[in-house]
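See structure below.
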Amino acid sequence: MSSPQAVNAAVDRFDPAPSKATSSLITAQARQKREFDKLQKRLRRCVGHAIIDYRMIEEGDKVMVCLSGGKDSYTLLEILRNLQRNAPVNFSLVAVNLDQKQPGFPEHVLPEYLEKLGVDYHILERDTYSVVKEKTPEGKTTCALCSRLRRGSLYGFAEQIGANKVALGHHREDILETLFLNMFFGGSLKAMPPKLLSDDGKNIVIRPLAYCKEADIAEFARQMEFPIIPCNLCGSQPNMQRQVVKEMLAEWNQKHPGRLESMFKAVTNVAPSQLGDRQLFDFKGLEAKQADLMADRIHAFEVGS
Ligand code: SF4
């Protein structure tokens, strides 16, 4: 399929008296462009809503966009760049890639891409690959330690360059997968918040793609022809449990359209009194609450009579 740029060019070259074949080609291309515009608008709308709902970006913010070279982070940068041009608040963007020194990492790809865009950027070099290889026992998955080290390096760097927000490319499915992984293996009802204060209190992390569907992002990345860098250069096996949950969610979604939307809504619509966490809800104090309610009712009755 041609890229949106190629489609634009084809539509621009529109011949006022085209042959039948040319005309149907142009119609198909125009349709494709329309679909792409709709997709782009949908992603922008979802990001805009998430930013407003969680007050992710404010006037004067310096947002560090973590760019791994995967479809999600390229999409995040692209949509934020667009919002930056149209948003009612002024904020700056700086893209940061962490070169983890994985063998075969194509060092030139991101600098070339970012130079072409004219985006402010840094490539941070940290050999977390050797640390992960050294510390992880043979046969064990390396992703957990790798992600922890990556997070530490990026958060520290954000502070160094004065970025007060760190934007990550996690999307709706990442959030739901994490919810189920925590339930299945961690015994806790928690997901991945759209906005978060880091444990040491130094960084505010935002996930502007929180409302976006992974399928939309994948399609956008494909049509934009982003120069994707795979995340398996380290030779690690993919996280099997996450993969299993991903497939489970995809199957549910196929059999019961709308289920993922409903589950995501549930993440943003929690009723602590209908769960069992004693830290979140005062179950022991229900009798006292009941007595207060009764007293209020009696008082209202006496005043009214
Ligand atoms: S696949 Fe490799 S680079 Fe990606 S998170 Fe896992 S260990 Fe790190």
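So the values come out like this:
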item: Interchain or long-range residues, amide H under 5 Å from L93's placed H; result: V63
item: Residue with peak Gaussian network fluctuation, the chain [Cα springs, cutoff 10 Å], from K71, K135, K101; result: K135
item: For the chain, share of DSSP beta bridges that run antiparallel, in % to the nearest 5; result: 15 percent
item: For the chain, size of Cβ-based charge dipole, Lys and Arg +1, Asp and Glu -1, in debye; result: 580 debye
item: When the chain is reduced to its Cα atoms, the Kirkwood hydrodynamic radius in Å; result: 22.5 Å
item: Cα-based Kirkwood hydrodynamic radius, the range 172-305, one decimal, Å; result: 19.1 Å
item: Distance between modelled label sites at K202 and N269, nm, 7 Å Cα→Cβ extension; result: 4.0 nm
item: Choice from K33, K246, K20 showing the highest fluctuation, given a GNM over the chain with Cα pairs closer than 10 Å; result: K20
item: Cα-centred dipole magnitude for the range 61-214, charges only on beta-carbon of K, R (+1) and D, E (-1), debye, nearest 20; result: 360 debye
item: Over the chain, relative contact order from alpha-carbon pairs under 8 Å, at least 6 apart, %; result: 20 percent
item: Mean shadow area of the range 110-243, taken as a quarter of the surface of its Cα convex hull (nm²); result: 9.7 nm²
item: GNM top mover of E219, E138, E177 - the chain, alpha-carbon springs below 10 Å; result: E138
item: Partner lysines for K140 [C-alpha distance under 23 Å; skip if fewer than 8 residues away on the same chain]; result: K101, K246
item: Calculated [θ] (222 nm, deg cm²/dmol) that DSSP helices of n ≥ 4 give over the chain, each run adding -39,500 (n - 2.57); result: -17000 deg cm²/dmol
item: Residue-span extension gain [K255 to L25] - 0.36 nm each, minus C-alpha spacing; result: 79.3 nm
item: Over the range 57-170, volume per residue of the alpha carbon convex hull, in Å³; result: 104 Å³
item: Among A291, S68, P137 - extreme Cα towards positive end, dipole of the chain, charges at beta-carbon; result: S68
item: Cα long-axis angle, helix 214-224 against the chain (0 to 90 degrees, to the nearest 10); result: 20 degrees
item: Dipole of the chain, positive end: most advanced residue of I79, S23, P103 [Cβ charges, Cα centre]; result: S23
item: Cα-based Kirkwood hydrodynamic radius, the range 78-133, one decimal, Å; result: 13.1 Å
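Since every read-out is calculated from the coordinates, none of them should be taken as a lab result. Given the structure is predicted, the values throughout are model-derived calculations rather than measurements. Cβ atoms come from the backbone with ideal geometry, glycine included; neighbour counts cover every protein chain shown.
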